[in-house]
Amino acid sequence: MKLPSHYHSGLWLVALLWLATPVFAAIDAYKFQNPAQEQRFRALTAELRCPKCQNQNIADSNAPLSQDLRQRVYEMILAGHSDQEIEAFMITRYGDFITYRPPFKPATWILWLGPFAFLLLAALGVGLWLRRRGRQAAPELSDAERRRLTDLLTRREDRL
């Protein structure tokens with residue numbers, strides 16, 4: 001089926017508009033008093049996780065919440081807050097989840113020690129399985145099975 005020529009120009013227009021949608025994305029422009037503030041901003045926004053997104057930092061996320069958090073970090077940097085104060089504010093408000101490196105405390109022990117405990121349990125399980133497997137004796141063959149095995153082996157030797 002051939003499309004009329006006026007549909008071709010419409011298809012091109014739709015394709016171009018679809019490809020141009022990233023052009024409409026908002027770009028945050030922050031004015032800093034010095035390059036050190038800008039560097040701190042970039043480092044902090046890269047280390048803070050977006051509470052709404054799946055494993056994405058607030059620097060890379062386009063979620064409205066991340067935009068608000070970037071704005072808050074910017075304002076706090078300009079107000080003279082230290083990196084530790086900004087991080088403590090975010091943790092107080094959003095919990096330890098907001099950092100990629102949560103502190104080592106009772107509430108986060110499972111995050112830090114869980115992988116090692118899992119590996120230890122897996123190694124213990126494999127060790128027990130191998131130990132039990134080594135103890136089991138090979139099943140004894142019945143007389144009929146032994147004759148059949150001998151017969152098969154002699155046939156094979158004759159072919160070779």
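Rounded to whole Å and sorted largest first, list the principal axis extents of the Cα atoms in segment 107-159.
70, 24, 11
So for each of 90-97, 101-108, 55-62 I average, over its residues, the number of other beta carbons within 10 Å; can you give me the resulting order with the highest mean first? Spell out each step's value before the answer.
Numbers: 90-97: 14.0, 101-108: 10.8, 55-62: 15.9.
In descending order of packing, they fall as 55-62, 90-97, 101-108.
Please list the non-local residues whose amide H lies under 5 Å from the amide H of Thr99, H modeled 1.01 Å from N, same-chain partners needing a gap of 5 or more.
Amide H neighbours of Thr99, under 5 Å, 5+ apart: Arg49.
Could you compute the net charge surrounding Phe32? Neighbours are other residues with a C-beta less than 11 Å from the C-beta of Phe32; K and R count +1, D and E count -1. Don't skip to the end; give the middle numbers.
Numbers: positive: Lys31, Arg40, Arg42; negative: Glu38.
Combined, the nearby Lys, Arg, Asp and Glu give +2.
Is the C-alpha gyration tensor of segment 48-160 telling us rounded, prolate or oblate? Criteria: a/c under 1.5 is rounded; beyond that, a/b larger than b/c is prolate, otherwise oblate.
prolate
Could you tell me which of rounded, prolate or oblate describes segment 70-120, using a ≥ b ≥ c as the square roots of the eigenvalues of the alpha-carbon gyration tensor, with rounded for a/c under 1.5 and, failing that, prolate when a/b is larger than b/c and oblate otherwise? Don't skip to the end; give the middle numbers.
Numbers: a/c = 3.64, a/b = 3.48, b/c = 1.05.
It is prolate, given that a/c is not under 1.5 and a/b is the larger ratio.
Less than 11 Å Cβ to Cβ from Ala79, Lys/Arg counted +1 and Asp/Glu -1: what total charge do the surrounding residues give? Let's see the in-between values first.
Numbers: positive: Arg72; negative: Glu75, Glu85.
Result for the local shell: -1.
Around Asn57, which amide H atoms from residues at least 5 apart in sequence, or from another chain, sit under 5 Å from its own amide H, with H modelled in the peptide plane?
Amide H to amide H, under 5 Å and 5 or more residues apart or across chains, Asn57 pairs with Cys50.
How about segment 59-160: which GluC sites (Glu not before Pro) there lie in a loop by DSSP and see at most 14 other Cβ atoms within 10 Å?
Working: sites: Glu75, Glu85, Glu87, Glu140, Glu145, Glu157; in loops: Glu140.
Filter output for segment 59-160: Glu140.
Since every read-out is calculated from the coordinates, none of them should be taken as a lab result. All values derive from a computational prediction rather than experimental measurement. Please note: Cβ atoms are built from the backbone with ideal geometry, for glycine as well, and neighbour counts cover all protein chains shown.
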